Amino acid sequence: MAGSTYGNLFKITTWGESHGAAVGVVIDGCPAGLPLSEEDIQHYLNRRKPGQSRFTTARQEADQAEILSGVFNERTTGTPISILVKNQDQRSKDYGKIKDCYRPGHADYTFDAKYGFRDYRGGGRSSGRETIGRVAAGAVAAKLLRRLGIEFTTYTRSIGEILVPESEYDFSCIFENELYMPNNAYAEKASAYLGECIKSMDSSGGVIECQITGVPAGIGEPVFDKLDAALSGGIMSIGAVKGVEIGDGFLAAANVGSKNNDPFYSKGNHILKKTNHSGGILGGISDGDTILLRAAIKPTPSIAQEQETVTSAGDNTTISITGRHDPVIVPRAVVVVESMAALTIADLLMMNMSARLDNLERFYL
Ligand SMILES: Cc1cc2nc3c(=O)[nH]c(=O)nc-3n(C[C@H](O)[C@H](O)[C@H](O)COP(=O)(O)O)c2cc1C
């Protein structure tokens, strides 16, 4: 299976299946000297851990990070950082019934079509557990970026039709409600809606938004490695993400040029913009403004309602998925989106080091 590696200079490889012994990541290319402890990684992993609210699966997984290499005396050594998280509380028997059926909305059919063989216990590499490696690596990338003044604010913008209007954002609330919404009253409305979904054995989707501040102008390459292309690719590679927007995104298509352009102005030595329809990126390169991106997450495919499907032998049948699954993926995916954004920015920031001769001269002369 190819494609488990992400990044050019800050490069990660995730490994492991949901019902194997462990999952994890190897980070190659993290600069030496970054203070790093297991607590730094655990803090991020705890944000995606199941069993924390009534809207996330009741599976009790400790998701305890162990750093196996690349750190000495609580600092990165510049060598590969290997992080392992042991799997616990898997109930392979929950999946016995669905071993020969293709679950609608899952990768079962496409895995069989591609490989002719699949690990049916919880989706294998397509499982949400694969994202543990991304989040562990994202914690390292975010810590590196924080040293450079780059910060992330990531939250749930909407669940189903319940959307927090921008005028009512209160970022101090994000960690006060179990849905990571920037408004507790909207989080209550969304919780009531999710309660209805649970009653009707259904699930909900939603939108995650991420704001990144402190990225200097000039990050991103102008052609295939555009910053917006790289961010979209990284975030689209997360399971259940069905759309990515940068800045105004799809709304820009309905706007006129005179309103969609962000007028520039100069203040002191800085070139600034009066508005930020661009979402902080012009021509694939950061413009120094806040980077704004959104990810649309589909409703959890595993639902207890009876659905039509076929068996791997091609017989028509029905299926009802009774294992333990999140009625909504969004809250647990918030930190996954932030992690992929951090990994992408860290990588392109490092690539940018060789863009100019004066950078090289400053370093080598
Ligand atoms: C953090 C996270 C947790 C997830 N948990 C579940 C889950 O409990 N049940 C489920 O059916 N899908 C879950 N998914 C989504 C499936 O993995 C995904 O929808 C499926 O592999 C099909 O891929 P696609 O939606 O990208 O086409 C999760 C995804 C993520 C990112």
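Throughout, read-outs are computed from the coordinates displayed, never taken from laboratory work. Here the structure is a predicted model, which is why all the values come from computation and not from measurement. Positions of Cβ are backbone-derived with ideal geometry, glycine not excepted, and every protein chain shown enters the neighbour counts.
Normalised by residue count, the range 114-249 yields a Cα convex hull volume of 169 Å³ per residue. Per-residue ellipticity at 222 nm from helix content only, as computed over the chain with -39500 (n - 2.57) for each DSSP H run of at least four residues, stands at -8000 deg cm²/dmol.
A Stokes-Einstein calculation at 37 °C with viscosity 0.692 mPa s, built on the Kirkwood radius of the range 321-365 over Cα pairs, returns a diffusion coefficient of 236 µm²/s. Using alpha carbons only, the radius of gyration of the chain set against its Kirkwood radius gives Rg/Rh = 0.98. Using the C-alpha atoms of the range 77-194, what convex hull volume per residue, in cubic angstrom, is computed? For the range 77-194, the hull spanned by Cα atoms encloses 197 Å³ per residue. Please go through the residue pairs 143/298; 11/143; 99/242; 11/114 and name each one whose alpha carbons sit more than 21 Å apart in this structure. Too far apart for the 21 Å limit: 143/298; 99/242; 11/114. Of 266, 172, 302, the residue with the greatest mean-square motion in the GNM of the chain, using alpha carbon springs below 10 Å, is 266. Restricted to Cα atoms, the range 287-337 shows a radius of gyration and a Dmax of 17.4, 56 angstrom.
Shape index of the range 240-332: Rg/Rh, with Rg the Cα radius of gyration and Rh the Kirkwood radius from the inverse mean 1/r over Cα pairs, equals 1.27. Sparse packing (at most 15 other Cβ atoms within 10 Å of the Cβ) combined with a DSSP loop state is found for the following chymotrypsin sites (Phe, Trp or Tyr not before Pro) in the range 121-226: 175, 224.
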